[in-house]
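J.: I have a structure here, written as structure tokens, and I will follow up with some questions on it.
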Amino acid sequence: MKEKVKKADKTLEAHWEKAAALYENPKTAMKMLEQSRSLTPAERRKFLGKAKTKAVSIRIPEDDLVALKEIAQQNDRKYQQLIILAIEQYIDHFIHK
């Protein structure tokens, strides 16, 4: 068990040294920082996969809920998935404005 920990520590240390080397040269560091940017929510979902979820309670008109359930049934999906999809699309659209 101790050997696995030592090996993991050495591997982690090697990664840290490699990352630190990127910033030792100021020109290289500035170039890398200039090219970096934040991920959009869509990119983050694609890159990281499914995130942790949290239960929320919302009130929506009954007619909208009936329509959601009909659309979900026609597409062989859960209506909750459609709500999540709608939220994701709204966020992506809002970010790209």
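J.: Scan segment 40-54 and give yes if some residue there is in a helix (DSSP H, G or I), modelled with pLDDT of 80 or more, surrounded by 11 or more Cβ atoms within 10 Å (Cβ to Cβ) and touching a helix residue (DSSP H, G or I) at 6+ places or on another chain (Cβ under 8 Å), otherwise no.
T.: No: zero hits.
J.: Quick check on my filter: what residues within segment 55-71 are charged (D, E, K, R) and either surrounded by 12 or more Cβ atoms within 10 Å (Cβ to Cβ) or touching a residue at least 12 places away in the same chain (Cβ under 8 Å) (or both)? Break it down stepwise before answering.
T.: In the first step, residues of segment 55-71 are kept if they are charged (D, E, K, R); the result is 59, 62-64, 69-70.
Correct list: 69 only.
J.: Does residue 53 satisfy the criteria of being on the phi < 0 side of the Ramachandran plot, in the same structural domain as residue 18 (by TED's automatic domain parsing) and polar (S, T, N, Q)? Don't jump to the end; show me each part of the working.
T.: On the way: on the phi < 0 side of the Ramachandran plot: yes; in the same structural domain as residue 18 (by TED's automatic domain parsing): no; polar (S, T, N, Q): yes.
For residue 53, the condition - on the phi < 0 side of the Ramachandran plot, in the same structural domain as residue 18 (by TED's automatic domain parsing) and polar (S, T, N, Q) - is not met.
J.: State all residues of segment 72-96 that are touching a Phe, Trp or Tyr at 6+ places or on another chain (Cβ under 9 Å) and either surrounded by 12 or more Cβ atoms within 10 Å (Cβ to Cβ) or within 15 Å of residue 45 (Cβ to Cβ) (or both); if no residue qualifies, say none.
T.: 72
The values are calculated or read from the model by the stated rules, or taken from the named source; none is laboratory data. These numbers were taken from a predicted model, which means no experiment stands behind them. Quick reminder, even Gly has a Cβ in these numbers, built from the backbone with ideal geometry, and neighbours come from all protein chains shown.
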